[in-house]
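To keep things clear, I will list the structure first and then write my remarks on it.
The values are calculated or read from the model by the stated rules, or taken from the named source; none is laboratory data. Given the structure is predicted, the values throughout are model-derived calculations rather than measurements. Glycine gets a Cβ as well: all are built from the backbone with ideal geometry, and neighbour counts include every protein chain shown.
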């Protein structure tokens, strides 16, 4: 069975489905170097796309027979991120404005003041939300945005690669959160996803995360990456 011979039907909240259908429609008119599902039809709370052959990287990571295979999977995870965010697209670029996000976060933080976030995959295990907010706010001025068009939910299950031809770059699904954004937020998501899947597989995350970061040309403790990981942790409260 090859890609395009079957259709995939997805259901969800109508607003989310509408957003994903719009993004897929835009991507169909874009010049890109990675595969995405082709939009066939959509309706109230559902959409239908072309079928993409292969298995997702989370499944491959779970059954990888040795560490070198897992490292290769994480490296590909980073390579596909770099390739996808280098899209030459006709999708109009909008001005990145983090003010709305920060205004929302400020309300959430003060409503949850004293709450402790326990998230070892974000390197902020046991921090109170108001302490993280203070650090984010004080460092915000030093963060220069690197805006790219991104899929928006960068996790291992959303990347599909063919079983037979392992050399193929891969395909990306779930574009409901796609937008122009600082692509380092996707790196933060990727680090979290590798950490989560590493624990499920009973392996130490750090080396696998480093393979991903090497493909993205970042270091684990880069100030910008740490800042974005903290921001993602707070955004999860929204």
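Points worth noting:
- The set of residues in the range 100-158 being in a helix (DSSP H, G or I) and in contact with a strand residue (DSSP E or B) (Cβ under 8 Å, 6 or more places away or on another chain) consists of 129, 132, 156, 157, 158.
- Take the conditions (1) at pLDDT below 85; (2) surrounded by 17 or more Cβ atoms within 10 Å (Cβ to Cβ); residue 3 misses just one of them, which is (2).
- Subset tally (residues that are in a strand (DSSP E or B), at pLDDT below 85 and surrounded by 18 or more Cβ atoms within 10 Å (Cβ to Cβ)) for the range 6-49: 1
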